Amino acid sequence: MVQFNLNGKAVTLDVEPEMPLLWAIREEIGLRGTKFGCGIGMCGACTVHLNGNPVRSCSLPVSAAEAQEIQTIESLGTRESPHPIQSAWIEQQVPQCGYCQSGMQMAAAAFIAANPNPSDDDIDNAISNICRCGTYDRIRAAIRQAAQEIG
Amino acid sequence: MGVTRRAFLITGATLGGGLALAVGGVGAHIGLHNRLKHQRSGESESSAAGSLINLWVRIAPDNTVTVLVPHSDMGQGSQTGLAQIVADELDARWDQVRIALAPPETAFANGKPMQGFVSDAVAIPDWADGFAEKAFFRLADLMNMQMTGGSTAVRFTGWDHMRQAAAVARDMLLRASAAEFNVSESELSVADGVVSHAASGRTLRFGELVGAASELGPRDVAVKSPSEHRLIGSSLPREDIPRKVFAEEHYAIDADVPDMHYAAVRHAGVFGATVSRINNENEIRARRGVTDIVFVQNGVAVVADNPWRAEQAAKALDISTAHHANQAMSSASLEQAQRDALADTAEEASATGDVVTAFADASHTVTAEYLAPYLAHATMEPMNATVWRDGGKLHVVCGVQNPLMARAHVANIAGLDFEDVVLDARPMGGGFGRRVAFSMNDAVPLNWLTDAVQIALTQDRPIKMVWSREEDTRNSVYRPMVLAQFEAGLDNTGAPVAWRSTSFLAEADVRAVQPAYRIANQSIRFAGEHQGVPTGFWRSVEHSQHGFFKESFIDEVAVAAGADPLAYRLSLLDEHSSEAVVLRKAADMASWRYGADSDGRAMGCAVVHSFGSTVAQIAEVSLQNGLPRVHRVWCAVDSGVVINPQAARAQVEGAVHYALSAVLYGKCDIQDGGVVQSNFHDYRMITLRDAPTVEVELLTSDNSIGGFGEIGVPPLAPAVCNAFAVLGERTRRLPLIA
Ligand code: FES
Ligand code: FES
């Protein structure tokens, strides 16, 4: 049995301790905003927060979440009360296919929380998520905008 | 042909009293009756023969205008663009417009009526010319309005068809209003979804007019002139973006069907081969959660109660691959075969002037050989599908660029009637040509759907099959590897007088291969046939390889002539040509300079016309610790018309980044009949760190409307490689970082 806190709610799962958190969240719990892209920690589509830090859930055994706080894109913000990253994402019209964007936004949200005044170099070095549609320019602009808003 | 012969009116009970406009014509393959029924009930039913109509615009009594969009979304924003076209032509208010995806309904296999439509109604578009006769079926599908790809959505569906339907609808509303007010039409004006009679101050909303309007017949009306456009040309926010930001978009991989199990596949590893034996079947069946093992066309699938358990079990399979002739295939053997073909079997596809004499008279010759490698698409969402039986129907959730063809493919694999397949085409986590249902050879791009259907047919419960990234990379339909040899003859002033190219694979349209420049004597030659590696369409298709070849080679010729490559290009172009206009614009934007800067940066340029648009790019690069780095890319685009500038710009920005992954890192090596690379560690993609800033300028012109999805790809490789050549490294084989 693994127990952790997911988006503010306690969850208990009867799964192998080595099952990656990604699959526990997506298919055991059924929250599918977190995406699968590579399964080897290279693309970041599966990024969630572990106690506020961005982690790649495809490469994190669910046992590592035991008694921890996990947050997924579903808890980042809502249409009524968007996270600054989400407002900036809309304003800059970032997504194309959108598939990488929940992981991208989770990485960006954790990043600006820790770096309220980032340079482009800081952004480039901190966020190594892959976007195959190539929305990188707009991601930079949106992160700068959101950082300004919270900073 | 006039609008009225193609416009059909649908009124009354079928639509709850609304007014709907449909325009038949090329690609008008959708059974209207069927579609309406489907919309009401969610059920499908076969269409009556001959009722081939596309339904585009529906105006309801509640004042909503619904635009039925036949293209699935893969991130291009064309849904918004199409709605803009309709709202503008109709003079509707933007916020009264709704966008709905048309269901994948039938009549698609109906080649004959389609053929009739194609030959009599519309000229074959330029870009399809080259292979039109070769394969009518494919042309039909390219023209098919449910194709997402080839940059067709806005150009053909929108500009040619929806715009007319909207104009006809507006005219009917206007006439209905004139009758109601008992005034002449010329006294009325239409704006924001309201018809007004200024003299009396009376107004009627569209919704109030649909009943009367639907009693009228459609007539031929002219569409607006560009100066009358209000929404066309404005950067309205894309309707899909909030869904994508708030994780409300449901991709195929997010399918959630009660009771479903999961399948993971392990393929034979050799193109075309089957798995002959599983050497540890008992061990695999004993694993936690595993419920079955199933053979599929070229592999084995494990079914389990959780996707990770299925995937782990599939990875643990110990399989033997049946012998297959492709086993001997390697990149080296394939390249050698191409080189031999170029030497032995080249045939001229087009010729201008007299190259033989021109070469003999030339004072100087330049030669070069280029190679573009195989590439997988690597869509962010790996190939997947969810399939289940319910009663006599087979349900499929998937992301495909041609839903109708996918539905036919599933029916075929399952041995069912077309009508017994219910296909739910979801927004795609990237397409780039991977999810197109056909190829130019016998490769089957929908191979993952074949797997999913074969697995599901053996199971009593719904199956969600997801290919691992490794299987996705190794079982694609690749951009073809192409070897190309070039030769140019220069006169004593350095001007090119002869140009000869010989390239592998005759699938390319010859116009994609011809240089844009004034060169009196040219010979374009092709050699060889499709090889054993399955190949398909990869964003911008043959332009991606041939843009690289021809725009690299003209640069080499310019250097041999001792000229600034940009000025050299301009000297060989008509100054009013699209190519010259966008080149000059890009040069302005970048403050073009030729030669390495003191800080080690250099620029390179290229210009390519594809999919109806012309794009010039200038790349600024440097070497940092010996590694190539692209800092900035400037793009100038002539697409004739621009519907939504910011969405269009996004496509070009994205294409630059997509192409840059390929230029820097992209290649799929072949060894022992399969692909070596497997995941993002060895099939690398750029991230923010590699991503240049991209500036895009959109030029409008009198040229007919061009596409946006693909056009930013072709110039990038040559622009980048031409820039590195200034720094002393001429790259003739991609990628840069091997
Ligand atoms: S899916 Fe986790 S990093 Fe790619
Ligand atoms: S928006 Fe498509 S992968 Fe990033």
Report summary line: For B:Ser468, A:Ser81, the accessible-area ranking with a 1.4 Å probe, largest leading, is A:Ser81, B:Ser468
Query raised in the report: Could you give the distance between the Cα centres of region B:447-483 and region B:678-738, to the whole Å?
Result: 29 Å
Report summary line: Over all viewing directions the Cα convex hull of the protein assembly as shown casts an average projected area in nm² of 37.9 nm²
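Antiparallel versus total DSSP beta bridges in the protein assembly as shown: what percent is that, nearest 5? Please report the intermediate quantities before stating the final value.
On the way: 101 of 132 bridges.
Given both bridge residues lie in the protein assembly as shown, the antiparallel proportion sits at roughly 75 percent.
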Report task. Taking the Cβ of B:Arg525 as the centre, find all other residues whose Cβ is under 11 Å away and add up their charges (Lys, Arg: +1; Asp, Glu: -1). Result -> -2
Requested in this report: List, in order, the whole-Hz ³J(HN,Hα) value for each residue of region B:723-738 obtained from phi through the Karplus relation with A = 6.51, B = -1.76, C = 1.60 and θ = phi - 60°; use x for Gly and Pro.
Outcome: 5, 5, 4, 4, 7, x, 10, 7, 9, 10, 10, 8, x, 5, 9, 7
**Report entry** Where Rh is the Kirkwood radius over Cα pairs, Rg/Rh for region A:14-56
**Finding:** 0.94
Query raised in the report: Counting only protein heavy atoms, what percent of the accessible surface of the protein assembly as shown is carbon or sulfur at a 1.4 Å probe?
Result: 47 percent
Requested in this report: About the Cα centre of region A:2-75, how large is the charge dipole given +1 on each Lys and Arg Cβ and -1 on each Asp and Glu Cβ? Please answer in debye to the nearest 20.
Outcome: 320 debye
Report summary line: Long-range amide H partners of A:Thr47, meaning residues 5 or more apart or on another chain whose placed amide H is closer than 5 Å, are A:Lys35, A:Ser57, A:Gly103
Query raised in the report: Regarding region A:2-75, what are the three Cα extents along the principal axes, ordered largest first, in Å?
Result: 28, 25, 20
Query raised in the report: Accessible area of A:Ile73, 1.4 Å probe, to the nearest 10 Å²?
Result: 10 Å²
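Show me the GluC sites (Glu not before Pro) within region A:40-99 that DSSP assigns to loop and that have at most 12 other Cβ atoms within 10 Å of their Cβ.
A:Glu66, A:Glu80
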Requested in this report: Add +1 for every Lys or Arg and -1 for every Asp or Glu among the other residues with Cβ under 13 Å from the Cβ of B:Asn475, and state the total.
Outcome: 0
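How much net charge surrounds A:Pro54 when only the other residues with a Cβ under 15 Å from the Cβ of A:Pro54 are counted, with Lys and Arg +1 and Asp and Glu -1?
Combined, the nearby Lys, Arg, Asp and Glu give 0.
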Query raised in the report: So how strong a dipole does region B:277-335 carry about its Cα centre when Lys and Arg Cβ are +1 and Asp and Glu Cβ are -1, to the nearest 20 debye?
Result: 160 debye
Query raised in the report: How big a patch of accessible area, both sides summed and in Å² to the nearest 100, lies buried between A and B at a 1.4 Å probe?
Result: 4800 Å²
Requested in this report: Using label points projected 7 Å from each Cα along Cα→Cβ, tell me how many nm separate B:Arg277 and A:Ser63, to one decimal.
Outcome: 3.6 nm
Query raised in the report: Just how much of A:Cys58 is accessible, in Å², when a 1.4 Å probe is used and the result is rounded to the nearest 10?
Result: 10 Å²
Report summary line: Once the dipole of the protein assembly as shown is set up from charges on Cβ (+1 Lys and Arg, -1 Asp and Glu), the residue from the list B:Tyr370, B:Leu734, B:Ser196 lying farthest towards its positive end is B:Ser196
Requested in this report: Find the eigenvalues of the gyration tensor of the Cα atoms of chain A, then list the square roots of 5 times those eigenvalues as equivalent ellipsoid semi-axes, largest first, in whole angstrom.
Outcome: 26, 16, 14
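The values are calculated or read from the model by the stated rules, or taken from the named source; none is laboratory data. Quantities reported herein were computed from a predicted structural model and do not represent experimental measurements. Virtual Cβ from ideal backbone geometry, glycine too; neighbours counted across all protein chains shown. Protein only, heavy atoms only, side chains kept; ligands, DNA and RNA dropped before computing areas. Shrake-Rupley method; radii C 1.70, N 1.55, O 1.52, S 1.80 Å.
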